[in-house]
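Here is the structure we will look at.
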Amino acid sequence: MQLLPLPIRRIAAWCAVALLVAGVGYVGIRLCAELRTAVVPVLLALLGTALLGPLHRWLIKVKVGRALAAGLTCVAVVGVVGGAVYIIVAALIDTGDQIVASLKDAAQGIADHFGAAGTSLDDLASNSKDLLGKFGGTAASGVISGVSVVGEALAMAVLALFLVFFFLRDSYRAAGALRALVPASSGDLVEAMARRAFESVEGFMRGTTLIALIDAICITVGLLILDVPGAVGLGALVFVGAYIPYLGAFVSGAVAVLVALADRGFVIALWALGVVLAVQVLEGHVLQPVIQSRTVQMHPAVVMVTITAGASVAGVLGMLLAVPLTAAAFGVAHELRERYEGVEDSSAVDS
């Protein structure tokens, strides 16, 4: 090795590190894929714990016992999520046929102007329900095998809920448990990285939920004012899609504009497009900087690559989990950078 120039040796060392990290990551992903029925509830429970942590801490602050506070938090989330799911599903069921019919009319209008391209869109709208069922089955098959989709999903949801209860109740023991798993000399560093990662996920979940709610309300109100059919269902679609950054907003916004074009004409479609763009500008320039200013900020290109990678690994579920997990990784990276920069600065001053 001494025969090689120093720059070549450095490049070789970095290549070895990159290969090692890639190998460990690949093995970790394969293990998670094999143990997906256990890993997925744990990841969902961690996201739920990050989102519900402030409520649990507030209950403890008002002198509620830890176990009771965790139980009340879980009951509250079941009520809220159950009610929200009911409202969203009911709205989508009530307006789903209307939305599909409007999309088909829009596709037919495009076909009249653009020929074959519009005809393909018309076929897509006509078979949207079949395509959605096939897509859902394909995405679910990557996560669930040998058991019914509904039964397995319910089992994972129940397991995730129980894990949220235990994670909330025993959260004060997490630091001690981490320290017990690592050498004493590394305890402070591991605890600091874990705290930074969890804080990043917590901030991301809270911020995304609030932004999703504001986006959904603004777009729903705008569509109601424009008298676009299925406004509530489209607003629900915006809320759910907001958990997949950029891609979800683009898809839900495009559907809203197409529905407006089909049912209300070109002028109203332009107004609907203006509403969607205005909400996206509000999100990008106001909501994101203000609400998520204390969380890890990721470049849009990084987010898109992360979503694509998550989709290739675990379908729709991977798309939902990819960004918060990447936020946690960025949090760990920032913690390491700050610590090592501090060490280097101290060494420079001492010398």
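Note on V302 and R195: the model spin-label points, each 7 Å out from Cα along the C-beta direction, lie 2.2 nm apart.
How high is the FRET efficiency between D188 and V21 when r is their beta carbon distance and R₀ equals 25 Å, given to the nearest 0.05? Here the calculated transfer efficiency is 0.60. Taking the charge dipole of region 164-319 about its Cα centre, with +1 at Lys and Arg Cβ atoms and -1 at Asp and Glu Cβ atoms, the residue from A311, S171, V281 reaching farthest to the positive side is S171. For L226, nonlocal amide neighbours, meaning residues 5 or more places apart or on other chains whose placed amide H falls under 5 Å from its own, do not occur.
Residues within the reach of a label modelled at L68 (point 7 angstrom out along Cα to beta-carbon, backbone nitrogen below 17 Å), restricted to region 165-194, are 169-170. Using θ = phi - 60° in the Karplus curve 6.51 cos²θ - 1.76 cosθ + 1.60, the 3J(HN,Hα) couplings for region 249-263 round to 5, 5, 5, 5, x, 4, 4, 4, 5, 5, 5, 4, 4, 6, 9 Hz; x is entered for Gly and Pro. One chain, two ends: A175 and A13. Fully extended at 0.36 nm per residue, the span grows by 55.0 nm beyond their Cα-Cα distance. Phi angles across region 280-285 convert, under the Karplus curve 6.51 cos²θ - 1.76 cosθ + 1.60 with θ = phi - 60°, into 3J(HN,Hα) values of 5, 5, 4, 5, x, 9 Hz, Gly and Pro given as x. Taken about its Cα centre, region 179-252 carries a charge dipole of about 160 debye when Lys and Arg each add +1 at the Cβ and Asp and Glu each add -1 at the Cβ. Between V221 and L247, the FRET efficiency from the beta-carbon distance, with R0 = 25 Å, is close to 0.60.
Each value in this text was obtained by applying a stated rule to the coordinates, not by laboratory testing. These figures come from a predicted structure and were not determined experimentally. Don't worry about glycine lacking a Cβ; one is built from the backbone with ideal geometry, like all the others, and counts go over all protein chains shown.
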